[in-house]
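Scroll down for the structure; my scribbles are underneath it.
Rule-based calculations on the coordinates, nothing more; no lab input. For clarity, every value in this text was computed on a predicted model and none was experimentally measured.
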């Protein structure tokens with residue numbers, strides 16, 4: 001089975017902490033994405049990467065950065081977490097032939 | 001990217017067909033229509049996609065109007081497990097993704113009533 005794995009299902013951090021959310025896919029996909037999901041706002045794109053070491057800003061990149069050192073791993077970084085970054089974070093990768101997105105189970109981050 | 005419009009919520013009786021509409025009046029010729037669904041506390045799951053012909057798979061059917069400005073996802077015999085948020089998005093052709101970003105709207109919350 002194809003798989004996108006997010007490292008942590010639930011995290012609780014304090015304001016100002018640096019937070020790493022890891023995502024690994026085993027499908028050799030080039031395109032990977034980070035979204036956040038909040039009630040009433042749907043899925044909003046934070047960053048995406050179309051190849052190793054390549055990244056593009058999505059719709060809401062402020063307060064976030066990303067790292068893609070290896071093809072299978074796409075990391076989302078919160079340099080200094082704030083309470084308004086409390087959210088569900090979803091990682092996805094895209095199959096090149098069909099365009100189908102494969103999502104991880106999500107990481108629910110709470111910033112106190 | 002073409003914008004999509006979906007109703008915020010819908011109900012459907014268990015065992016009946018659930019018909020979820022999507023409006024994408026600004027779709028361009030090289031854009032596909034994709035549907036995903038998200039069951040509570042899980043990541044979204046791909047359902048189906050199409051360009052202009054109707055499509056069917058084991059999960060659902062996709063009906064795209066001739067002018068391609070709208071589409072309908074059909075779940076033929078809805079079960080309680082189909083209760084989820086359904087997202088309709090439009091995307092460039094698979095062979096031409098390039099650096100295209102993918103954005104989702106708020107979707108339709110479908111509730112299957114026992």
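Here the protein assembly as shown carries DSSP beta bridges of which approximately 90% are antiparallel, counting only pairs with both residues inside. Taking square-rooted eigenvalues a ≥ b ≥ c of the alpha carbon gyration tensor, is segment A:1-69 rounded, prolate or oblate, where a/c under 1.5 means rounded and, failing that, a/b exceeding b/c means prolate? Rounded.
Rounded, prolate or oblate: which one fits segment A:45-87, using the alpha carbon gyration tensor with axes a ≥ b ≥ c (rounded when a/c is under 1.5, else prolate when a/b beats b/c, else oblate)?
It comes out prolate by the Cα gyration axes.
Under a Gaussian network description of chain A, with springs only between Cα atoms under 10 Å, the residue in A:102, A:74, A:33 that fluctuates furthest is A:102. An ellipsoid equivalent to segment A:28-112, defined through the eigenvalues of its Cα gyration tensor, has semi-axes of 22, 15, 10 Å when rounded to whole angstrom and sorted largest first.
Taking A:41, A:76, A:90 as the candidate residues, the one with maximal mean-square fluctuation in a Gaussian network model of chain A, Cα springs under 10 Å, is A:41.
By its C-alpha gyration tensor, with a ≥ b ≥ c as the square roots of the eigenvalues, how is segment B:11-114 shaped: rounded for a/c under 1.5, else prolate for a/b larger than b/c, else oblate? Prolate.
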